[in-house]
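In what follows, a structure is listed as structure tokens, so that the remarks can point back to it.
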Amino acid sequence: MIKYRLEITKGEPIRYISHLDFASLMQRAICRAHLPAAYSEGFNPHMKISFASALSVGVTSDAEYMDLELKKDICQPELFDKLSKALPPGVRLLKARQIDMRAKALMSIVDEASYSIVLPCQDNLNTVTEAVNKFNQTKEIVVVRETPKKRKEIEIKQYLPKAMQYNLEDNTLNISLNIKITSTGTTKPNEILDVLKNEYKLNIAVENALVCRTGLYHQGKALIDID
């Protein structure tokens, strides 16, 4: 048995597929690549792959992470070449690294994500600066998260470890932010955009926002570098 940690992208062609569909897409690519994937035992065996953090529908990513267990040894260059050729449009394999079979699960170590957001904005720079500064300086911001089964209040500033960064050019607002991922919860980029629009009165087209996850980390290090 051997385990690899993969750094992959989720690009524009597959922006709107769900996390489960993305996982299925990766499983099919592994099969096409004829990699000796390991499977769980029992009546309904599953390929032994695992991800760090589910990506919301409509969000792209420059760096998703997946662990893959193989039932027999294969060298890194061979795995990289075979899997790269089998991946569909929208997915690129950036890195592959062998890790210890006893390495902690990705979901148990990921603690932060970084995002880049691009969206239309009809305000001038002074208005944007005032709104973002107020957002950054506010100690607590509560949003309501609704699901078909419940309605829950979430305090989102606890999940923002640093100030939001931004620039405005030609009616396009570019935002960079980091979000903590904890065992008790997290927030989402769209929740933050809704606050900027509804609470701080920015004239932004949230529905047209292009959100990209640019990294996933454990204590400041990219997950590909964590054993």
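Values in this text are rule-based calculations from the coordinates and carry no lab data. Because the structure is predicted, anything quoted here is derived from the model rather than measured. Cβ coordinates were reconstructed from backbone atoms using ideal geometry, including for glycine residues, and neighbour counts include every protein chain displayed.
Can you tell me, using C-alpha contacts under 8 Å and at least 6 residues apart, the relative contact order of region 112-218 as a whole percent?
46
Would you list which aspartates and glutamates come within 18 Å of residue 162, measuring only between C-alpha atoms, while excluding same-chain residues fewer than 8 positions from it?
Excluding near neighbours in sequence, the set is 111, 112, 130, 140, 191.
Treating the beta-carbon of each Lys and Arg as +1 and of each Asp and Glu as -1, no other charges, what is the dipole magnitude of region 112-218 about its Cα centre, to the nearest 20 debye?
The calculation lands at about 520 debye.
Compute the Kirkwood hydrodynamic radius of the chain, taking the inverse of the mean of 1/r over all pairs of distinct Cα atoms, and give it in Å to one decimal.
19.2
Net charge near residue 84: determine it from the other residues with C-beta under 14 Å of the C-beta of residue 84, scoring Lys and Arg +1 and Asp and Glu -1.
+2
If you take the beta carbon distance between residue 54 and residue 126 as r and set R0 to 30 Å, what does 1/(1 + (r/R0)^6) give as a FRET efficiency, to the nearest 0.05?
0.20
So who's got an amide H within less than 5 Å of the one on residue 202, skipping anything under 5 residues away but keeping other chains? H placed 1.01 Å off N, in plane.
Counting only residues 5 or more places away or on other chains, the set is 197.
So if R0 is 45 Å, what FRET efficiency would residue 34 and residue 149 give, r being the distance between their Cβ atoms, rounded to the nearest 0.05?
It comes out at approximately 0.60.
So what is the orientation-averaged projected area of region 1-71, using the convex hull of its C-alpha atoms, in nm²?
5.0
What whole-number volume per residue, in cubic angstrom, does the convex hull of the C-alpha atoms of region 44-104 give?
136
So for the chain, averaging the separation of alpha carbon pairs under 8 Å that are six or more residues apart and normalising by length, what relative contact order in percent results?
27
List the trypsin sites (Lys or Arg not before Pro) within region 97-174 that fall in a DSSP loop (any state other than H, G, I, E or B) and whose Cβ has at most 16 other Cβ atoms within 10 Å.
102, 104, 139, 149, 150, 162
Hey, got the dipole for region 2-108? About the Cα centre, +1 on K and R Cβ, -1 on D and E Cβ, debye to the nearest 20?
About 120 debye.
What aspartates and glutamates does residue 3 reach when the alpha-carbon gap must be under 20 Å and sequence neighbours fewer than 8 apart in one chain are set aside?
Reachable aspartates and glutamates: 41, 64, 67, 69, 73, 78, 81, 100, 225, 227.
Quickly estimate the mean residue ellipticity at 222 nm for the chain, helices only: each DSSP H run with n ≥ 4 gives -39500 (n - 2.57), and the total goes over all residues, rounded to 500.
-7000 deg cm²/dmol
Take the cross-link list 152/188; 48/104; 10/197 and give me the ones stretching past 23 Å between alpha-carbons.
10/197
Using just the alpha carbons, could you tell me how many Å³ per residue the convex hull of region 98-227 encloses?
Per-residue hull volume (Cα only) is 132 Å³.
Counting every Cα pair in region 155-200, what percent are over 15 Å apart?
So the portion of pairs separated by more than 15 Å is 49 percent.
Note down the relative contact order for region 2-108 as a percent, whole number, built from C-alpha pairs under 8 angstrom at least six residues apart.
Reported as a whole number, the value is 49 percent.
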